[in-house]
1. Filter segment A:60-73 down to the residues that are in contact with a Leu (Cβ under 9 Å, 6 or more places away or on another chain) and buried (at least 24 other Cβ atoms within 10 Å of the Cβ), then identify the one that is farthest from the other protein chains (Cβ to nearest Cβ).
2. Does segment B:90-108 contain at least one residue that is over 23 Å from A:PRO53 (Cβ atoms) and in a strand (DSSP E or B)?
3. Can you tell me which residues in segment B:118-150 are of a type in the set (Lys, Arg) and either more than 21 Å from B:TYR85 (Cα to Cα) or buried (at least 16 other Cβ atoms within 10 Å of the Cβ) (or both)?
4. Tell me, yes or no, whether segment B:137-144 has at least one residue that is over 25 Å from B:GLY24 (Cβ atoms) and either in contact with a Gly (Cβ under 6 Å, 6 or more places away or on another chain) or more than 10 Å from chain A (Cβ to nearest Cβ) (or both).
5. For segment A:110-120, check the following and say yes or no: at least one residue is β-branched (Val, Ile, Thr), under 20 Å from A:PHE135 (Cα atoms), touching an Asp or Glu at 6+ places or on another chain (Cβ under 9 Å) and assigned to a strand (DSSP E or B).
6. Give the residues of segment B:104-115 that are more than 13 Å from every other protein chain (Cβ to nearest Cβ) and in contact with a Phe, Trp or Tyr (Cβ under 8 Å, 6 or more places away or on another chain), sorted by residue number.
7. If you scan segment B:135-150, which residues turn out to be out of contact with any helix residue (DSSP H, G or I) (no Cβ under 8 Å at 6 or more places or on another chain) and assigned to a helix (DSSP H, G or I)?
8. Is at least one residue of segment B:15-31 under 15 Å from B:VAL121 (Cβ atoms) and within 11 Å of chain A (Cβ to nearest Cβ)?
There are 2 protein chains.
Amino acid sequence: MSAVDYREWLRVAVEEAEASLASGGIPIGAALIGAGGEVLGRGHNRRVQDDDPSVHGETAAFRNAGRQRSYSGTTMVTTLSPCWYCSGLIRQFGIGRVVIGEARNFHGGHDWLAEHGVDVVVLDDDACTRMMADFIDAHPRLWNEDIGEE
Amino acid sequence: MSAVDYREWLRVAVEEAEASLASGGIPIGAALIGAGGEVLGRGHNRRVQDDDPSVHGETAAFRNAGRQRSYSGTTMVTTLSPCWYCSGLIRQFGIGRVVIGEARNFHGGHDWLAEHGVDVVVLDDDACTRMMADFIDAHPRLWNEDIGEE
């Protein structure tokens with residue numbers, strides 16, 4: 001895969017994050033990409049929209065991809081460094097690669113994933129960083145709720 | 001909390017696992033217990049029932065508890081050692097304690113949780129162990145799918 005592919009995949013995750021923001025939600029989006037580069041599933045955080053604390057961007061993409069027999073050739077692309085919950089998902093199901101828009105606003109479990117053999121790519125994307133920073137500034141309480149900070 | 005409380009809480013998780021089994025699903029159940037011992041949410045694996053790979057027993061209980069401001073005084077009780085996905089959930093949201101029916105059929109992330117300050121109780125319950133062993137014997141492919149083993 002090339003950096004161009006990663007940016008194209010990130011575009012899908014960003015579209016999801018923007019859709020979430022437009023519907024009053026937390027702007028984190030993700031997609032599960034198949035071995036051939038196809039989008040298996042895409043989704044975004046739904047804490048606000050569904051009043052559901054269990055749906056993060058990554059778990060939404062994973063769910064929307066449906067049941068798969070193997071995840072070893074797949075990539076999870078996400079606008080923000082995955083929290084422990086989503087990092088655990090990636091590790092448990094053997095998702096081979098994670099492509100991360102940015103890890104400045106939140107540094108989750110991606111170092112741990114790298115230690116356990118996941119290919120980790122951090123794109124350090126300015127637009128992702130700005131979108132999340134603006135959201136956290138405007139809605140600090142909601143953001144803290146989403147990552148379990150009191 | 002006493003061992004009696006833990007057994008009572010486990011009973012709720014076992015009821016969920018039994019309900020899942022009765023509806024053709026994977027017999028893993030869980031409940032999120034509040035600081036006062038009340039059941040905040042309960043649920044079971046729904047891979048088969050909903051064709052949804054994202055719903056493990058623990059994530060179902062977490063979802064069904066709804067949005068909470070704090071998880072520090074809560075306990076996740078589950079019939080089986082939590083996989084990395086569910087262990088990540090427990091760590092990210094600061095769930096203070098995990099009570100586990102058994103860890104013989106599957107040893108997930110509970111040692112890691114203990115290292116990170118979660119109070120871990122393994123009850124080594126015979127009935128839980130037997131229920132899961134019987135299921136794995138009868139449905140090895142489904143079980144492997146649920147934990148991302150090929």
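1. Across segment A:60-73, the extreme among qualifying residues is A:ALA61.
2. Yes, segment B:90-108 contains at least one residue that is over 23 Å from A:PRO53 (Cβ atoms) and in a strand (DSSP E or B).
3. B:ARG130
4. no
5. no
6. none
7. Within segment B:135-150, B:ASP137, B:ALA138, B:PRO140, B:ARG141, B:ASN144 qualify.
8. Looking for residues that are under 15 Å from B:VAL121 (Cβ atoms) and within 11 Å of chain A (Cβ to nearest Cβ), one finds none in segment B:15-31, hence no.
The values are calculated or read from the model by the stated rules, or taken from the named source; none is laboratory data. None of the values given here were measured: they were computed from a predicted structure. Note: ideal-geometry Cβ built from the backbone for every residue, glycine included; neighbour counts use all protein chains shown.
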